[in-house]
Amino acid sequence: MEKVFNNMVLKIQNRPLFGELMAEEENFDVIVVGGGPGGSTCATYLGKAGYKVLLLEKAKFPRDKTCGDAVSGKSVSVLRDFGLMDAIETQPHEKVNGVLFSSPDATIVEIPFPSGYGGNKGFGYVCRREVFDNIVFQHSKKYATVLEQFQVTDLIKENGYVVGVRCMDLNAKKEKTFRGRIIVGADGALSVVARKVNAENTDPKHSCVALRAYYKNIKGLTKNIEIHFINSVLPGYFWIFPLENGTANVGVGMLTYDMQKRAINLKTSMLEAIKNDPLFKERFQGAELMSDIKGWTLPFGSKKVKCYGNGYVLLGDSASLIDPFTGEGIGNSMVSARIASRVIDKALKANDVSENNLKEYDVELWKELGPELKTSYYLQKIGQHKFLLNLIIKKASKSKHVRETISGMLVNEQAKKQFVSPLFYLKLLFG
Ligand SMILES: Cc1cc2nc3c(=O)[nH]c(=O)nc-3n(C[C@H](O)[C@H](O)[C@H](O)COP(=O)(O)OP(=O)(O)OC[C@H]3O[C@@H](n4cnc5c(N)ncnc54)[C@H](O)[C@@H]3O)c2cc1C
């Protein structure tokens, strides 16, 4: 049977079940390294297209991933493609219908999501990654051979092409090799695949460090995600994202370069803000920390890394695609997986996985994500000027029109570009 999906012709076929991997099956069409949202999405698309896909994941799912847990419209569009909307609806999550911003001078404004946000009638999700990733990961098992607790340690290269991976079966404590016609690096911010092809982003001006904790009983939680530009972590921000049953994801993030330059201890800054900042002091009285405070790195898409080459592509965090203003990366990892799958499908059909042929992935990827990553980089720079943050948030707090303009910018890339125009700020100043 054949069906068209993601612009690819699908063939329905039986995949080997988990645990049924035979020695003679160690050659695959596609090997995906990493089963986060990016890797699971790519494995699903290509498995559905009829390719023999191996997904190697070092963790045992469900696993935690340090994150703010805010799931954007882009991610939802992939969930829809996969028919997984019911799955997220029946798992623990919170629906949010706007953003609350506070400025360095402590002005607060609420911006509702416009109707149609994420194709979702004006709401988004906050869903723990332990839950969200597991939905996409388990679903990929229908279409790919999935091996958990297999950690990729190296790439096999022959004649200038990546042709396979070496990995460690963490249970059996045995090394294993697999060969594939193409290898997909989807192994996150500290990607082994990216490192082995010299495509890591370790630039402190284009990456961020962020901390995350779970709390319960914070007072005054609403259906808004909260982004606070407080002085102690500028030019980064402090967030409170509401979760189910009165719990919340709380965190703070800052450009690595600024953190190093100002010798900031992010954990100390976060805990001090919770204890002493007038915005949070009362709200956190009686609140309970439910987790460790964990940190991780965010490779930003403000720096382009080379995400393709002979026999491989990189996607998601391993391709450094996180939004440099919002820190959002789940959606970009899933969208990059969708684009990569289309290009890989064409390349495998043409039996040509050369760098020259896979360049199309880079072109398509940057056509789709490039403009918004560029705008967000600009916004990140604006965020470094207290005066502008104070101005925008104060004007928005007073004017319905400005609030509606910003709300429109949340869904419309064209509208977002207004932020880049000096005219926008002049209008705010004198409007
Ligand atoms: C503190 C923080 C807050 C954030 N907040 C948000 C937010 O609110 N919303 C948002 O959209 N984004 C957020 N992000 C960014 C988001 O977490 C990432 O962009 C997203 O996880 C990228 O998905 P991925 O599939 O590319 O990589 P990952 O989700 O990192 O998945 C990579 C997978 O590869 C596996 N792996 C790693 N190495 C190997 C190996 N050698 N062999 C086999 N498997 C391996 C890992 O176990 C993991 O499962 C945040 C990030 C941080 C650090």
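The values are calculated or read from the model by the stated rules, or taken from the named source; none is laboratory data. Keep in mind the model is a prediction, meaning the values are calculated, not measured. In this analysis, Cβ positions are derived from the backbone assuming ideal geometry, glycine residues included, and neighbour counts consider all displayed protein chains. Ligands, DNA and RNA are excluded from the accessible area calculation, which covers all protein heavy atoms including side chains. Shrake-Rupley method; radii C 1.70, N 1.55, O 1.52, S 1.80 Å.
Split the accessible area of the chain by element, probe 1.4 Å, and carbon with sulfur accounts for 53%.
The listed residues Lys58, Lys74 rank as Lys58, Lys74 when sorted by accessible area, largest first, using a 1.4 Å probe. Taking Cβ atoms as reference points and 10 Å as the exclusive limit, the residues near Ala189 contribute a net charge of -3, counting Lys and Arg as +1 and Asp and Glu as -1. The value obtained for the chain, namely the Cα convex hull volume divided by the number of residues, is 142 Å³ per residue. Contact order for region 206-360, expressed relative to its length and based on alpha carbon pairs under 8 Å spaced 6+ residues apart, stands at 24 percent.
Peptide packing: for 34-43, 301-310, 258-267, the average count of neighbouring Cβ atoms within 10 Å per residue gives the ranking 34-43, 301-310, 258-267, highest mean first. A cut-off of 5 Å between modelled amide H atoms, ignoring neighbours fewer than 5 places along the same chain, links Tyr125 with Val71, Val96.
To the nearest ten degrees, helix 330-349 and the longest principal axis of the Cα atoms of the chain are 30 degrees apart. Across region 256-265, computed HN-Hα scalar couplings (Karplus, 6.51 cos²θ - 1.76 cosθ + 1.60, θ = phi - 60°) run 4, 4, 5, 5, 5, 4, 8, 6, 8, 8 Hz from first to last residue, x flagging Gly and Pro.
Coupling constants for region 84-95 follow from the phi torsions by the Karplus curve (6.51 cos²θ - 1.76 cosθ + 1.60, θ = phi - 60°), and in residue order they are 9, 5, 5, 4, 6, 4, 8, 9, x, 6, 10, 8 Hz; glycine and proline get x.
With 0.36 nm allotted per residue and the present C-alpha distance subtracted, the Asn356-Leu289 stretch has 19.0 nm of extension available. Normalised by the number of residues in the chain, the average gap of Cα pairs under 8 Å and 6 or more apart makes the relative contact order 19 percent. Rounded to the nearest 500, the helix-only mean residue ellipticity at 222 nm of the chain stands at -10000 deg cm²/dmol, with each DSSP H run of n ≥ 4 adding -39,500 (n - 2.57). Taking θ as phi - 60°, what are the ³J(HN,Hα) couplings along region 362-373 by the Karplus curve (6.51, -1.76, 1.60), each to the nearest whole Hz, with x for Gly and Pro? Each residue of region 362-373 in turn: 4, 5, 5, 4, 7, 5, 7, 9, x, x, 6, 5 Hz. Convex hull volume of the Cα atoms of region 121-230, normalised per residue: 211 Å³. Could you tell me how many degrees, from 0 to 90 and to the nearest 10, lie between the Cα long axis of helix 400-409 and the main elongation axis, the longest principal axis, of the Cα atoms of the chain? Roughly 10 degrees between the two axes.
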